[in-house]
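Chemist: Structure in structure tokens, see below.
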Amino acid sequence: MRNQRNFLETPLHDDCIHEGEGLCHHATILPAEAFEAPIRFVNYTILPKGASFGLHTHGDDNELYILLSGSGHYTWNSVRRALLRAKIDRIGL
């Protein structure tokens with residue numbers, strides 16, 4: 001199955017993610033059904049200044065973060081790490 005779409009044209013909705021601070025602009029770009037692999041979804045999220053995802057845990061999955069602009073940080077296993085523009089960070093196992 002081939003899925004191509006311009007995620008920048010996807011309508012976003014405001015959402016408080018994992019009880020984080022503020023509202024993020026968010027959309028699911030590809031659901032699990034779009035994949036022939038154990039991938040649950042691909043999301044696109046814009047975090048306005050001061051907004052955040054709340055602390056949360058995962059089971060046996062990973063997350064990939066790709067920043068298109070700006071910078072930020074995340075905490076994984078009690079260690080605070082930087083997220084930088086144009087870098088891909090894998091968070092998880």
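Chemist: Full extension from ASP60 to HIS73: what is 0.36 nm times the residue separation minus their Cα-Cα distance, to one decimal in nm?
Modeler: Going from the current span to full extension adds 2.5 nm.
Chemist: Using the Karplus equation 6.51 cos²θ - 1.76 cosθ + 1.60 (θ = phi - 60°), what ³J(HN,Hα) coupling, rounded to whole Hz, does each residue of segment 29-35 give in order, writing x for Gly and Pro?
Modeler: Using θ = phi - 60°, the values come out as 8, 9, x, 3, 5, 7, 10 Hz.
Chemist: What net charge is computed for the residues neighbouring LEU83, neighbours being all others with C-beta under 12 Å from the C-beta of LEU83, Lys and Arg scored +1, Asp and Glu -1?
Modeler: +3
Chemist: Let me ask you something else. What residues from segment 7-28 fall in the zone where the backbone N is under 17 Å from a label point 7 Å along the Cα-to-C-beta line of ARG80?
Modeler: 21
Chemist: With an 8 Å Cα cut-off and a minimum separation of 6 or more residues, compute the relative contact order for the chain in percent.
Modeler: Relative contact order for the chain comes out at 22 percent.
Chemist: Residue by residue through segment 7-21, what is 3J(HN,Hα) from phi via Karplus (6.51 cos²θ - 1.76 cosθ + 1.60, θ = phi - 60°)? Round to whole Hz and write x for glycine and proline.
Modeler: 3J(HN,Hα) across segment 7-21, in whole Hz: 5, 5, 9, 6, x, 9, 10, 7, 8, 8, 9, 6, 6, x, 7.
Chemist: Quick one: which residues, 5 or more positions from LEU83 or on another chain, have an amide H under 5 Å from its amide H? H modelled 1.01 Å from N in the peptide plane, none for Pro or chain starts.
Modeler: Correct list: GLY72, HIS73, TYR74.
Chemist: Only Lys, Arg, Asp and Glu count, each charged at its Cβ (+1, +1, -1, -1), so figure out the dipole size of segment 3-93 about its Cα centre, rounded to 20 debye.
Modeler: 480
Chemist: If you don't mind, another one. If I compute P(r) over Cα pairs in 10 Å bins from 0, in percent from the structure I just sent, which labelled value in (i) 16, 49, 31, 4; (ii) 19, 58, 23, 0; (iii) 14, 45, 36, 5 lines up?
Modeler: Checking each listed value against the structure points to (iii).
None of the figures in this text is laboratory data; all of them are computed from the coordinates on show. None of these values were measured; they are calculated from a predicted model. Note that each Cβ is placed from the backbone with ideal geometry, even for glycine, and that neighbours are counted across all protein chains shown.
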